[in-house]
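Student: Got a structure for you, questions after.
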Amino acid sequence: MAILEESVVNSKISPPNSHGAVVLGGTFDRLHDGHRLFIRSSAELARDRIVVGVCDGPMLTNKQFSDLIEPIEERMHNVESYIKSIKPELVVQVEPITDPYGPSVVDENLDAIVVSKETVPGGISVNRKRADRGLSQLKVEVVDLVSEESSQGKLSSTTLRKLEADKAKKQQG
């Protein structure tokens, strides 16, 4: 079965409450404004349920300053609390993921996957795996996290961890 990738990738984000259930994933270390924008956009799209995969174990090994990443329980709690603070009526399912797919390729009752411009290929890959398993294709909703002009100043968890590592070094030295 050929997958028409262009047809499932939505370059213009859908209106609020367009999908019964959406899925997204990330590390969500030191929940910052970029994360909040991504999570808020995802929650706005969901009518009933939001599923969030939070990276753990092997998904963290190649991250810079991975030893400084907050514990999985703390990151999951922060994501769940934030979603409940902005859209309390949603059913929130937050779980650790140890591969790039997590619940997105086993949950039959999903309608859309929310990605950033940088992770569109991941969304397409999820749909390939869903097709292999006989599951419906997800609408790929693309959230523009940072405008092109400000991308040099993009807030990232890696930068925050680096600052923490530098501060610890200075205190030791």
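Student: Testing the spin-label approximation: label points 7 Å from Cα along Cα→Cβ at Asp33 and Lys162. State their distance in nm.
Tutor: Those two pseudo-labels are separated by 1.9 nm.
Student: Here's another thing I want to ask about it. Mind scanning Lys12/Lys87; Lys12/Lys63; Lys117/Lys169; Lys63/Lys170; Lys63/Lys87; Lys84/Lys129 and naming the pairs with a C-alpha gap bigger than 24 Å?
Tutor: Distance filter (> 24 Å) returns Lys12/Lys63; Lys117/Lys169; Lys63/Lys87; Lys84/Lys129.
Student: Okay, moving on. Once both labels are modelled 7 Å past Cα along the beta-carbon direction, what's the Lys63-Arg128 spacing in nm?
Tutor: Inter-label distance under the simple model: 2.5 nm.
Student: Here's a follow-up. Quickly work out the Glu108-to-Glu89 label distance, labels modelled 7 Å from Cα along the C-beta direction, and quote it in nm with one decimal.
Tutor: It is 2.7 nm.
Student: A follow-up question, please. Mind ordering 111-124, 82-95 by average Cβ neighbours within 10 Å, highest first?
Tutor: Order by mean packing, descending: 111-124, 82-95.
Rule-based calculations on the coordinates, nothing more; no lab input. Just so it is clear, the structure is predicted and the values come from calculations on it, not from any experiment. Heads up, the Cβs are rebuilt from the backbone with ideal geometry, glycines too, and the neighbour counts pull from every protein chain shown.
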